[in-house]
């Protein structure tokens, strides 16, 4: 067995420490990239939700405007019908 693989020798522990160091360096080098990618994904999902909310809001505003216009039209018709009934009621009395 090679000398550096003997746990009783200092070289073994230096080798283990070096492996741990390289493991930490590899983890630290990749961790920020993975975190950044995850945050970018969340940001994209949030932006998509905001875009969808804006689209739905615009659609709701158009629908509200349409319904207000229909209500105004119906109120005008109702007013005209009320005047016609009052005129007919006045003529009949």
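Readers should treat all values here as calculations from the given coordinates under stated rules, not as data from a laboratory. What you are looking at is a predicted structure, and each value in this text was computed from that prediction instead of being measured. Cβ: placed from backbone, ideal geometry, glycine included. Neighbour counts: every protein chain shown.
Suppose the chain between residue 58 and residue 78 were pulled fully straight at 0.36 nm per residue; how much longer would it get relative to their current alpha carbon spacing? Numbers along the way, then the final one.
Numbers: separation 20, 0.36 × 20 = 7.20 nm, distance 2.99 nm.
This chain segment gains 4.2 nm when fully extended.
Summarise the long-distance tail of P(r) for segment 7-85 by giving the % of C-alpha pairs beyond 19 Å. Don't jump to the answer; show the numbers that get you there.
On the way: 2213 of 3081 pairs.
Of all Cα-Cα distances in segment 7-85, 72 percent exceed 19 Å.
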What's the angle, to the nearest 10 degrees (0 to 90), between helix 10-92's Cα axis and the longest principal axis of the chain? 0 degrees
Label-point separation (nm) for residue 50 and residue 34, each offset 7 Å from Cα along Cα-to-Cβ? 2.8 nm
With a point put 7 Å past each Cα toward its Cβ, work out how far residue 86 is from residue 43 in nm, to one decimal. 6.4 nm
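Which length gain, in nm to one decimal place, applies between residue 8 and residue 68 when the Cα-Cα distance is subtracted from 0.36 nm times their residue separation?
On the way: separation 60, 0.36 × 60 = 21.60 nm, distance 8.78 nm.
Length gained between residue 8 and residue 68: 12.8 nm.
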